[in-house]
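To start, the structure itself, in structure tokens.
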């Protein structure tokens, strides 16, 4: 048993709170690292019925294959069903981390659904949540981003979230558990890794009781997030109305709230107004009747008793015929190596140059159109792709697509097509970059 006896019991309590099903059946997402190995060991020692899922991205050659075989043998040791998804480099274009996450959770949900699992357990821990908090704060965020990683989202649970990486590795060592180390986590190539290796350790070293303070703050921020969401919903039911495509918010009722700017921010955000455009709207609470301003294709008007929000008429985006030697300023192409085509920029992709039919077409998407998204066998409506990606509502009508012949091959910032993916047969690759300032 661990020298920290509270860990074993605390895990059981967290699991009971996050998945209280009488016939609990957990799909454990296991990478092979110390955190997921400990999670699986705890599930096993608590007698929880489990299946094991692993994704092999094939990014580290023999090392990735070794991880998969390690997890397979671990599942066999615990007599648990094992499910593996293998994907090649061709599935991981655009934003590598976001695409990998989508592949991962799509696979987990499919396996959980097919097997009747009551929950999907991932091994996120305190350090992951603290790193997310610091990263979001540095990028500029509201309460939603500052709350860190949630211990439950839908059927996905994170029973290790209260434990630190050090506690988890200590548990693994004391129970003589073997685990695999992902070499990519040891570099400073990613922003999160630099925070993990340098920023968070320095912060915890500099501030006494920093771990406890961050945990307490994350808990309070999560509670605050729920409180504000409830307050905004309650306010909206009583003091907002919609008429002729205009959204009206009572200024008198807002000014009676203890935090009117915060409530207004959430009301506008829930209405589809991007976060950066809500700050100027707060000024309308203290301006004269008739004051107006424009932001993100919305008109904000201060009436006598209300703030009126309406969507402006957005001019139809142009259609462009794209040739390598004649491109608009916001669209660039560059020849790249087909052996290392990855990018963390969602507005940048690499594809097989020989599969393109020039000139390409860049235009707004049309209702009813579809494409075959990267990594999928079937086609999917563009509208559904945008919905699944939580695409901002104010951009949907203006969203552009790139076509090769009659085939949509890319939704900039969102998804690319399976039709133009790089394969082992690819000899020439080309990189596309779309400047999102086009939508500003």
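Which one of these does residue 114 not meet: (1) in a helix (DSSP H, G or I); (2) touching a strand residue (DSSP E or B) at 6+ places or on another chain (Cβ under 8 Å)?
(2)
In the list 162, 170, which residue meets the criterion of being surrounded by 18 or more Cβ atoms within 10 Å (Cβ to Cβ), at pLDDT 85 or above and in a helix (DSSP H, G or I)? Give the derivation first.
Details: 162 fails: in a helix (DSSP H, G or I).
The unique qualifying residue is 170.
All but one of (1) closer than 26 Å to residue 225 by Cα; (2) touching a residue at least 12 places away in the same chain (Cβ under 8 Å) hold for residue 289, so report the exception by its number.
(1)
Out of everything in the stretch 371-392 that is part of a helix (DSSP H, G or I) and surrounded by fewer than 14 Cβ atoms within 10 Å (Cβ to Cβ), what residue ends up being nearest to the chain's Cα centre (by Cα)? Reasoning before the result, please.
Taking the stretch 371-392 as the starting set, the residues that turn out to be part of a helix (DSSP H, G or I) are 382-388.
After this cut, where a residue has to be surrounded by fewer than 14 Cβ atoms within 10 Å (Cβ to Cβ) as well, the list is 384, 387.
Working: 384: 17, 387: 14 Å.
For the stretch 371-392, the residue satisfying everything is 387.
Scan the stretch 202-232 for residues that are over 23 Å from residue 151 (Cα atoms) and out of contact with any helix residue (DSSP H, G or I) (no Cβ under 8 Å at 6 or more places or on another chain) and jot them down.
If the condition is that a residue be over 23 Å from residue 151 (Cα atoms) and out of contact with any helix residue (DSSP H, G or I) (no Cβ under 8 Å at 6 or more places or on another chain), then 202, 205, 206, 208 are the ones that fit.
Go over the candidates 249, 228 one by one and state the one that is outside any helix (DSSP H, G or I) and outside the structural domain of residue 165 (by TED's automatic domain parsing).
Values: 228 fails: outside any helix (DSSP H, G or I).
Matching residue, one of 249, 228: 249.
Which residue pairs have Cβ atoms under 9 Å apart, sit 6 or more places apart or on different chains, and have a first residue in the stretch 127-151 that is within 14 Å of residue 266 (Cβ to Cβ) and a second that is modelled with pLDDT under 70?
Matching pairs, first to second residue: 141/275; 142/275; 144/275; 145/139.
Any residue in the stretch 267-279 that is in a helix (DSSP H, G or I) and modelled with pLDDT of 85 or more?
Initially, the stretch 267-279 is screened for residues in a helix (DSSP H, G or I), giving 267-270, 275-277, 279.
Now drop any that are not modelled with pLDDT of 85 or more, which leaves 267-268.
Yes.
Of the residues that make up the stretch 355-370, is at least one within 30 Å of the chain's Cα centre (by Cα) and at pLDDT below 85?
No, because not a single residue in the stretch 355-370 is within 30 Å of the chain's Cα centre (by Cα) and at pLDDT below 85.
Between residues in the stretch 374-402 that are not assigned by TED's automatic domain parsing to the domain that holds residue 99 and residues that are at pLDDT 90 or above and in a helix (DSSP H, G or I), which pairs lie under 6 Å by C-beta distance while being six or more apart or on different chains?
374/418
Look at the stretch 412-440 and say how many of its residues are under 13 Å from residue 351 (Cα atoms) and assigned to a strand (DSSP E or B).
Number satisfying all stated conditions: 8.
Can you pull out every residue in the stretch 225-257 that is surrounded by 14 or more Cβ atoms within 10 Å (Cβ to Cβ) and within 30 Å of residue 126 (Cα to Cα)? If you could, list the steps in order and put the result at the bottom.
Keep residues of the stretch 225-257 that are surrounded by 14 or more Cβ atoms within 10 Å (Cβ to Cβ), which gives 225, 228-229, 231-232, 235-236, 239-240, 246-251, 253-254, 257.
Listed by number, the residues that qualify are 225, 228, 229, 231, 232.
Of all residues in the stretch 420-440, count the ones that are buried (at least 16 other Cβ atoms within 10 Å of the Cβ) and touching a helix residue (DSSP H, G or I) at 6+ places or on another chain (Cβ under 7 Å).
6
The values are calculated or read from the model by the stated rules, or taken from the named source; none is laboratory data. Please read all numbers here as calculations on a predicted model, not as lab measurements. Glycine gets a Cβ as well: all are built from the backbone with ideal geometry, and neighbour counts include every protein chain shown.
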